[in-house]
Amino acid sequence: MRNYISRLKREIPLFGLALLVMAFFLSHAANLFEWRLLDRLEGFAYDARIRLTMPNTVDPRIVIVDIDDKSLREQGHWPWRRDLLEELVDTLFDHYQVALAGFDATFPEPDDSSGLGVLEQLGDEQFRDIPAYAERLGGLREILDYDRRFADSLRDRPVILGYYFTVGGAKEAAVQAGALPPPVFPEGTFEGWDFFPLEAKGYGANLPQLTANAFGNGHFTMLPDEDGIVRRVPMLIQYQDAYYEALSLAMLRYLFVVDELKAEFIESAGDYRTPERIAVGPVQIPIDERSQVLVPYRGRQGSFPYVSATDVLNRRAASETLRDTIVIVGTSAQGLADLRSTPVQNALPGVEVHANILSGVLDQRLIKRPLYVLGVELAQLFVTGLALALMLPFLSAVGAVAASAMALAAYTGFNLYLWQVQHLVIPLASGLLMIMAIFLLHMSYGFFIERRGKRQLSELFGQYIPPELVEEMSVAPESYSLEAQSRELTVLFSDIRGFTTISEGLTPADLSALMKEYLTAMTKVIHEHRGTIDKYIGDAIMAFWGAPLEDRDHAPHAIQTALYMLERLNAIREDFHERGWPEIRIGIGINTGVMSVGDMGSRFRRSYTVLGDAVNLGSRLEGLTKEYGVEMIVSESTVAAAPEHVYRELDLVRVKGKHKPIAIYEPVAESGDVTSDETEELEWLSQALRAYRGQEWDAAASIFIRLQESTLDRKLYGIYLERIAHFKESPPGSDWDGVFTHLKK
């Protein structure tokens, strides 16, 4: 024992590092910080357990009536006429005698395909004095009111209609289509609880008469995890402080003849009070604090019988397949975009997700993760990590491998036992990764402490940033890595105008020399202003500021860089002219926003780059420079981040791929370098834009003409004069927001 303690003292650095590794994983398990990589690995481990333990059998109790490609060919494109849906419902219940039907679809808009609206309009406008027409129209109204016919077919039948909620941005939040059903839990039900269900901003529900005539209504909203995989579905969604049930939950309430749901909660000593399960008659549905249930997948597509909807309509389906079954009407057609990425299949029809929940509840095969699993996970991590930290420093390489392998097997075996027998989800990846991390730490201790930070940084970032920045980073090399992260950065795109024409007029050797001279000059400017070269895309340059080295002034540095790039380009044009090369002009787009930055490469090639909507917008802005006849365009977010410059407002635009309009600007100069003529021009432009957006066409045109006459080389004012001429002929309407939509990239 004395020798053991003496040796342990000699290994204190290694023992301490192992404890730090263990503490790291314990902290992550306790939700003290977020590590997306580990969360992604945990998702992989969860998916592997699903695939390993799923029944892989067909459940004949639940049948999917599939609006498949065959149905679309025979019955026409979706959405179908409501009289066809009426026929589908009648056939399911009258001919096939199904027990329950749910629709994984919503019908928020009236069906005017019958032409009834046109006939009624003719009756009001042209044939109001012809009694025979009105009498005939009254008889036809019963036949041609498809929505009413569909609603009548739902009455007194166990049909659950689906609808959806929208969760997200401002545009989605404005959508409120159709009529919501009454909530299953009214406002104030969970007041004082630690309960955080998804909160919807809008919805797309069914027509009021459909909602009222259906036996029930349930939302089919499902949001994937961050990796895009659907592992859980919200049983309740909050909208305006009330709570609405899922499609599967509404169908279960009918099956178990339950009028009122009950939410059962757990309460800890720390006054933590959160729902743990929803009681539906005799069954319990375990939920988390966001009201989500883990989907108990049976297997890949085909775990439930599929019957083509057109075969049902034409009564070609086998009666024994449908009689007394639970039917969900959904789609597997790729064109209808209801395919979901799941643990069992990359493209599983969304209707099967609801079917899996129903099947799992009926079989009591639901997986649960109650709050106390956190204690189990922490205990596992602590015992396993401490045991390895105490043992590995005193084992040989073979012994360390054996001990680590045994720890991996024991950890996995216990986890699978809890999963399969107790239906408990205990995180697995964190424990396995901790074991491997402690093992690798033990085996590689000497190697890791001898690594030189500066050489590592040079290998990682030397091709992207100038050597002086690598030198600056080497002061604290542990602070930098290629690991992806989300940060606010500024991105710059530049592109040579008419490059195809230029390249066709040069020999390959001259073209190579020209590009080398041009890219070298531009790269030097970017490096001089702390920029990171992302990549060269043919004749285009992509660069960004703010990573890997943090730069609080990333936006001003990007704009200053762009201005110097234009100056440097003017200087090298003279050299190009002497060599007989064509004159080069470029366009520059700059945007500031939150981006993902890090190693986005592959196993074969690394690429330290930025990704995200903010990056795409920067590229779009570069493309717009041609439209407005300017050399540089920056976004409103860049203007806000670099107020020390003066800008010329160009337009309010909606670029391709973006719904939210943005203001775009052209940098003029730094505040102290703006001339009086430029200041006067900007003031007149501001007045012109206000008049233009207020639809004061004559006032706006007068100012733009004056501006055009004083600055003959500015394309912008001619653009607005053309628009004003168009709007005077075709007014945009009172709801016009002054935004111009660009359809090209």
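The values are calculated or read from the model by the stated rules, or taken from the named source; none is laboratory data. It should be emphasised that the depicted structure is a prediction, and the values quoted were computed from it without experimental measurement. Glycine gets a Cβ as well: all are built from the backbone with ideal geometry, and neighbour counts include every protein chain shown.
Quick check on Pro224: is it at pLDDT below 95, under 28 Å from Val65 (Cβ atoms) and surrounded by fewer than 18 Cβ atoms within 10 Å (Cβ to Cβ)?
Working: at pLDDT below 95: yes; under 28 Å from Val65 (Cβ atoms): yes; surrounded by fewer than 18 Cβ atoms within 10 Å (Cβ to Cβ): yes.
So Pro224 passes the test.
Taken over the stretch 669-704, the criterion of being in contact with a helix residue (DSSP H, G or I) (Cβ under 7 Å, 6 or more places away or on another chain), free of Cβ contacts under 8 Å to residues at least 24 places away in the same chain and of a type outside the set (Gly, Ala, Ser) is satisfied by Trp684, Gln687, Ile703, Phe704. Can you name the residue in the stretch 2-30 that is more than 24 Å from Val373 (Cβ to Cβ) and of a type in the set (Phe, Trp, Tyr) and, of all such residues, is modelled with the highest pLDDT? So, considering only residues that are more than 24 Å from Val373 (Cβ to Cβ) and of a type in the set (Phe, Trp, Tyr), the one modelled with the highest pLDDT is Phe15. In the stretch 612-640, which residues are among the small types (Gly, Ala, Ser), surrounded by 17 or more Cβ atoms within 10 Å (Cβ to Cβ) and modelled with pLDDT under 95? Within the stretch 612-640, Ala614, Gly618, Ser619, Gly623 qualify. Out of all the residues in the stretch 53-72, is one or more in a helix (DSSP H, G or I) and buried (at least 19 other Cβ atoms within 10 Å of the Cβ)? Among the residues of the stretch 53-72, at least one is in a helix (DSSP H, G or I) and buried (at least 19 other Cβ atoms within 10 Å of the Cβ), which makes the answer yes. If you go through the stretch 521-573 and keep only what is acidic (Asp, Glu) and either more than 33 Å from the chain's Cα centre (by Cα) or closer than 21 Å to Gly593 by Cβ (or both), you end up with Glu528, Asp534, Glu550, Asp551, Asp553, Glu567. Being surrounded by fewer than 19 Cβ atoms within 10 Å (Cβ to Cβ) and closer than 16 Å to Met222 by Cβ is the filter here; which residues of the stretch 347-377 pass it? Listed by number, the list holds a single entry, Ala347.
Please work out if Thr609 is within 24 Å of the chain's Cα centre (by Cα), surrounded by 14 or more Cβ atoms within 10 Å (Cβ to Cβ) and in a helix (DSSP H, G or I). No; evaluated as a whole, the condition is false for this residue. Listed by first and then second residue, the pairs with beta-carbon distance under 7 Å, at least 6 apart or on different chains, first residue in the stretch 300-324 and free of Cβ contacts under 8 Å to residues at least 60 places away in the same chain, second assigned to a helix (DSSP H, G or I), are Gln301/Glu352.
When the stretch 497-513 is limited to residues that are among the aliphatic types (A, V, I, L, M) and touching a helix residue (DSSP H, G or I) at 6+ places or on another chain (Cβ under 7 Å), the one that is nearest to Gly589 (Cα to Cα) turns out to be Leu511.
Please determine, by comparing only the residues of the stretch 533-547 that are surrounded by 16 or more Cβ atoms within 10 Å (Cβ to Cβ) and out of contact with any Leu (no Cβ under 8 Å at 6 or more places or on another chain), which one is modelled with the highest pLDDT. Here the answer is Ala540. For the stretch 284-302, the tally of residues that are hydroxyl-bearing (Ser, Thr, Tyr) and at pLDDT below 95 stands at 1.
Those helices (runs of 4 or more DSSP H) of the stretch 98-200 in which 1 or more residues are at pLDDT below 80 and surrounded by fewer than 14 Cβ atoms within 10 Å (Cβ to Cβ) occupy 116-125, 131-144, 170-173. Report yes if some residue within the stretch 526-542 is of a type in the set (A, V, I, L, M, F, W, C), over 28 Å from Gly601 (Cβ atoms) and out of contact with any Ser or Thr (no Cβ under 8 Å at 6 or more places or on another chain); otherwise report no. Within the stretch 526-542, none of the residues are of a type in the set (A, V, I, L, M, F, W, C), over 28 Å from Gly601 (Cβ atoms) and out of contact with any Ser or Thr (no Cβ under 8 Å at 6 or more places or on another chain). Here Glu709 passes the criteria (1) farther than 25 Å from His645 by Cα; (2) modelled with pLDDT of 90 or more except the one numbered (2).
Just one of Glu574, Glu567 is among the acidic types (Asp, Glu), modelled with pLDDT of 90 or more and in a helix (DSSP H, G or I); which is it?
On the way: Glu574 fails: modelled with pLDDT of 90 or more.
Going through Glu574, Glu567 in turn, the sole match is Glu567.
Here Glu34 fulfils each of the conditions (1) closer than 22 Å to Gly162 by Cα; (2) charged (D, E, K, R); (3) not in a helix (DSSP H, G or I) apart from (1). The residue that is nearest to Val327 (Cα to Cα), among those in the stretch 237-262 that are in contact (Cβ under 8 Å) with a residue 60 or more places away in the chain and aromatic (Phe, Trp, Tyr), is Tyr254.
With respect to (1) exposed (fewer than 13 other Cβ atoms within 10 Å of the Cβ); (2) modelled with pLDDT under 90, the lone exception for His742 is condition (1). On the basis of being closer than 20 Å to Thr490 by Cα and in a helix (DSSP H, G or I), does Ala640 make the cut? Against the criterion (closer than 20 Å to Thr490 by Cα and in a helix (DSSP H, G or I)), Ala640 qualifies.
Would you pick out the residues in the stretch 615-630 that are part of a helix (DSSP H, G or I) and of a type outside the set (Gly, Ala, Ser)? Once the filter is applied, which keeps residues that are part of a helix (DSSP H, G or I) and of a type outside the set (Gly, Ala, Ser), the stretch 615-630 yields Val615, Asn616, Leu617, Arg620, Leu621, Glu622, Leu624, Thr625, Lys626, Glu627, Tyr628. Within 12 Å of Ser486 (Cβ to Cβ) and among the hydrophobic types (A, V, I, L, M, F, W, C), is that true of Leu617? Judged against the criteria, Leu617 is not a match. Of all residues in the stretch 486-524, which are in a strand (DSSP E or B) and either small (Gly, Ala, Ser) or farther than 15 Å from Arg573 by Cβ (or both)? Across the stretch 486-524, the qualifying residues are Ser486, Arg487, Glu488, Leu489, Thr490, Val491, Leu492, Phe493, Ser494, Asp495. Among what's in the stretch 287-334 and is more than 17 Å from Val65 (Cα to Cα) and in contact with a helix residue (DSSP H, G or I) (Cβ under 8 Å, 6 or more places away or on another chain), pick the residue that is surrounded by the fewest Cβ atoms within 10 Å (Cβ to Cβ). This residue is Pro296.
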